[in-house]
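S.K.: Have a look at this one.
The values are calculated or read from the model by the stated rules, or taken from the named source; none is laboratory data. For clarity, every value in this text was computed on a predicted model and none was experimentally measured. For neighbour counting, all protein chains shown are included, and Cβ atoms are generated from backbone atoms with ideal geometry for every residue, glycine included. All accessible areas refer to the heavy atoms of the entire protein, side chains included, with ligands and DNA or RNA removed. Shrake-Rupley method; radii C 1.70, N 1.55, O 1.52, S 1.80 Å.
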Amino acid sequence: MANPRVGIDLQPDQRASVSPMDYLGGPLFQSYRTACSRHGARYDSELKANLVSAELVPGLADDLRGIGLEP
C-alpha cells in the first residue's frame, strides 16, 4: 500500500501551499499538522492549505516523509 500523499505547490508570493491529497485519519493528520506547525506553516481557509515559506519546504518534506507521508 502506498503512503498517503501531500501536495506542495509554489504560490505566486513565493510561499508554498501544503495540503493532504489523500485521507490521513486522526493520528496521522495530527502528525501532519504538527510537522507543518514546526516549520511555521499557517492554515489559509481560502486555499484550504497550509502556507509555508518556500525555503522551509525541504525540511518540511523530510519531516512529512518521516511520519509516513509522500510529499
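S.K.: Tell me which of these SER37 doesn't satisfy, since it passes every other one: (1) free of Cβ contacts under 8 Å to residues at least 24 places away in the same chain; (2) open to solvent by less than 80 Å² (accessible area, probe 1.4 Å); (3) assigned to a loop (DSSP other than H, G, I, E, B).
M.R.: (3) is the only condition that SER37 fails.
S.K.: Something else about it: Considering each of ASP22, ASP9, ASP13 in turn, give the residue that is exposed (fewer than 12 other Cβ atoms within 10 Å of the Cβ), modelled with pLDDT of 95 or more and not in a helix (DSSP H, G or I). Break it down stepwise before answering.
M.R.: Values: ASP22 fails: exposed (fewer than 12 other Cβ atoms within 10 Å of the Cβ); ASP13 fails: modelled with pLDDT of 95 or more.
After ruling out the rest, the residue left standing is ASP9.
S.K.: Shifting gears a bit: Would you tally the residues in the stretch 40-62 being touching a residue at least 12 places away in the same chain (Cβ under 8 Å), open to solvent by 50 Å² or more (accessible area, probe 1.4 Å) and assigned to a helix (DSSP H, G or I)? Even if it seems obvious, please write down each step before you answer.
M.R.: Our first condition is that a residue be touching a residue at least 12 places away in the same chain (Cβ under 8 Å); within the stretch 40-62, this holds for 40-41, 44, 47-54, 56-57, 59-61.
Pick out the ones that are also open to solvent by 50 Å² or more (accessible area, probe 1.4 Å) and you get 47-48, 56.
Narrowing the set further to residues that are assigned to a helix (DSSP H, G or I) leaves 56.
Selection size over the stretch 40-62: 1.
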